[in-house]
Amino acid sequence: MFEAIVDPILSPLLKLNPLLGIAIISFILTLLITLIHKLVTNQEVMKGLKKDMKDHQDEMKKHKNDPKKVMEIQKKVMEKNMEFMKHSFKPMIFTFIPIIIIFGWLNANMAFYPIMPDQEFDVK
């Protein structure tokens, strides 16, 4: 379906050593995911939520002998965690489609390499 778009971009990698081609694709995907995550999420809000959750967890350790207080604090941690997940879900939506397209291309083009004449192989 997306071969017309993906093949011209990624087909030069088929001429390289398969390990090098996969390493290049992995690097590009990692860079793409990192940039999208950085641009789509509000980093200040995410840092604040992480700090709040860590503070609440430290507070739970202080009150570990009082189950009522721990449950109350844990409820706050869960609320912060849900908000954190809501913010981190958006970049996942943006990166999911390109990853599926690239993995589909990898499956179609690099999943199986034939054994060439005079090439050593081991069957285990």
Whole-Å distance linking the alpha carbon centroid of region 55-118 with that of region 19-43 is 16 Å
Footprinting proxy, 76, 15, 51: sorted fewest to most Cβ within 10 Å, the residues are 15, 51, 76
log10 I(q)/I(0) for region 69-124, Debye formula on C-alpha points only (no solvent), q = 0.12, 0.16, 0.21, 0.23 Å⁻¹, two decimals, reads -0.61, -0.72, -0.88, -0.92
The correct pair for region 1-65, radius of gyration to one decimal and Dmax as a whole number, both in Å and from Cα atoms, is 21.1, 63
For the chain, one quarter of the surface area of the C-alpha convex hull, expressed in nm², comes to 13.2 nm²
Computed over the chain, the relative contact order (Cα-Cα under 8 Å, seq sep at least six) in percent reads 32 percent
Quick calc: nm separation of the 7 Å Cα→Cβ label points for residue 7 and residue 63 -> 6.3 nm
In nanometres, the difference between 0.36 nm per residue of separation and the alpha-carbon distance of residue 74 and residue 107 is 7.5 nm
By Cβ neighbour count within 10 Å, fewest first, 95, 30, 41 rank 30, 41, 95
For the chain, longest principal axis from Cα atoms; helix 67-110 axis from its Cα atoms; angle between them, nearest 10 degrees, is 10 degrees
With a 30 Å threshold on alpha-carbon distance, the violating pairs from 61/86; 38/80; 54/90; 15/90 are 15/90
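All of the numbers you see were taken from the coordinates with simple rules; none came from a lab. Because the structure is a prediction, the values reported are computed rather than measured. Please note: Cβ atoms are built from the backbone with ideal geometry, for glycine as well, and neighbour counts cover all protein chains shown.
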